[in-house]
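To start, the structure itself, in structure tokens.
A short reminder: the numbers here are calculations on the coordinates, not readings from a lab. All values derive from a computational prediction rather than experimental measurement. Backbone-built Cβ (ideal geometry, glycine too); neighbour counts: all protein chains shown.
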Protein chains: 2
Amino acid sequence: MKTKDENTEDHILNAAENVFQRKGMDGARMQEIADEAGINKAMLHYYYRSKRFLFEAVFTKAFSLIAPEINRVLNEDTGLFQKIENFTHSYITFMQKHPYLPNFVIQELNRDAGFIKVLQAKEGFPDFRKFQAQVEKEVQDGTIKPIKAEQLFINLLSLNIFPFLAAPLIKGFLKIDDSEYKQLMEERKEEITGILINYLKIK
Amino acid sequence: MKTKDENTEDHILNAAENVFQRKGMDGARMQEIADEAGINKAMLHYYYRSKRFLFEAVFTKAFSLIAPEINRVLNEDTGLFQKIENFTHSYITFMQKHPYLPNFVIQELNRDAGFIKVLQAKEGFPDFRKFQAQVEKEVQDGTIKPIKAEQLFINLLSLNIFPFLAAPLIKGFLKIDDSEYKQLMEERKEEITGILINYLKIK
DNA sequence: GTCTATAGCCAGATAGAC
DNA sequence: GTCTATCTGGCTATAGAC
């Protein structure tokens, strides 16, 4: 078999990512995906059979891009402070590459919560237990304040992800434009690391 | 004119809230709203003329419920620590009453960012300036660490709102059920207040 | 004001030529 | 594999009786 640089199937998937991530399952149109891919509507069905299946391919791939980001926090072989800093610093870079992705995943999971079970069954789904053990150990050792691993994890995700999800809302409240907002996000690398490490540190 | 306890127009709006907030603009169906209201599809158009107008009525009302919550942080006449505690403690209660609301607002603003301008023009849109002045004053007085009001505001919203937006995702990562998650949210009242006050306090 | 019936359109999906 | 043409169903919106 010959493998072209980028075959039709991949073209379709890329186009579908663009459209689904911006418009969501319900707002997306097969015609728009076909246009984006520069081919015909019938081809979408030839390769993916239905809108539903195409959507699921996009969703699964989206999640497979997020999973390594989460795994970096959960399973990397470094200290807690280092993990917090690594995750926070790399997250903005990730968002610049995939601006619609977290919102897409969260939105579609709210629309169809049962889908998380499909993801959990797949290879590479993040495993929380190692992180939990690490936090418990550091608390035991007295290197950090007593805190639940779950809460720390939620705090880390909240502080990093929310400002991107709610960007239009926050820009509206603060009455600032895109470039000022981008500047704020840049500052948050230090801001978030500072807050969390300050909270964990024993004075 | 006689005012019935709940007239048809309100019935429709309530039903529309249910459906739009769960399904979004694109996923919602006029038929489902009519069923929910226990009346006929034609009535929706009689009272609200189009799906678009009905949606906007729902969206505007949704925002008018959130605005006072934000205003409490921005304009209440209390100290910063008190504001943080008040907002955090009341937010969970608010979410229990309106579980789909913040996700709905954020999602639809991402779909159509221009809509924020309509909201900004309305009465009661939160004004950030008083909060900003307060933070700057407390920094000046040396009662809190130097911090930008914008970042503090973003932190407060992130820590409170995100865990509800991303509930299905976080439940999936932590492999916990609804009641365990609810318990975590309850603990967060103290967790969030602690983090932020700890970060602001001068030791 | 409230209903039934239906117009008119648009989207997902398929048939079939090449 | 790729296209054009078309089917079929569902959705918003309206016409018109009561």
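The table below lists the values:
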| read-out | value |
| --- | --- |
| Residue that is nearest to DNA strand C (Cβ to nearest atom) [pool: residues in the stretch A:1-22 that are closer than 22 Å to A:E108 by Cα and β-branched (V, I, T)] | A:V19 |
| Matching entry among A:T88, A:T60 (being in a helix (DSSP H, G or I), of a type in the set (S, T, Y) and in contact with a Ser or Thr (Cβ under 8 Å, 6 or more places away or on another chain)) | A:T88 |
| Output for the stretch B:35-57, where each listed residue is over 25 Å from B:L109 (Cβ atoms), more than 9 Å from DNA strand D (Cβ to nearest atom), part of a helix (DSSP H, G or I) and among the hydrophobic types (A, V, I, L, M, F, W, C) | B:A37 |
| Of all residues making up the stretch A:23-50, the number that are surrounded by fewer than 16 Cβ atoms within 10 Å (Cβ to Cβ), of a type in the set (G, A, S) and more than 6 Å from DNA strand C (Cβ to nearest atom) | 2 |
| The stretch B:70-89 - residue that is in contact with a Lys or Arg (Cβ under 7 Å, 6 or more places away or on another chain) and of a type outside the set (V, I, T) and, of those, nearest to the other protein chains (Cβ to nearest Cβ) | B:L74 |
| Meets criteria (touching a Pro at 6+ places or on another chain (Cβ under 8 Å) and closer than 17 Å to B:G79 by Cα) for B:V135 | no |
| Any hit, the stretch B:59-69, residues being free of Cβ contacts under 8 Å to residues at least 12 places away in the same chain and within 14 Å of chain A (Cβ to nearest Cβ) | no |
| Residue within the stretch A:74-85 that is surrounded by 15 or more Cβ atoms within 10 Å (Cβ to Cβ), among the basic types (K, R) and in contact with a helix residue (DSSP H, G or I) (Cβ under 6 Å, 6 or more places away or on another chain) present | yes |
| Considering residues of the stretch A:68-85 that are over 14 Å from the mean Cα position of the chain (by Cα), outside any loop (DSSP other than H, G, I, E, B) and not acidic (D, E) only, the residue nearest to A:Q21 (Cα to Cα) | A:L74 |
| Every residue from the stretch A:96-146 that is among the aliphatic types (A, V, I, L, M), crowded, with 16+ Cβ neighbours inside 10 Å and more than 8 Å from every other protein chain (Cβ to nearest Cβ) | A:L101, A:V135, A:V139, A:I144 |
| Meets criteria (within 26 Å of B:G124 (Cα to Cα), within 8 Å of DNA strand D (Cβ to nearest atom) and under 20 Å from the mean Cα position of the chain (by Cα)) for B:L65 | no |
| Residue in the stretch B:81-98 that is within 16 Å of DNA strand C (Cβ to nearest atom) and not basic (K, R) present | no |
| Flag if A:K117 is charged (D, E, K, R) and under 30 Å from A:Y48 (Cα atoms) | yes |
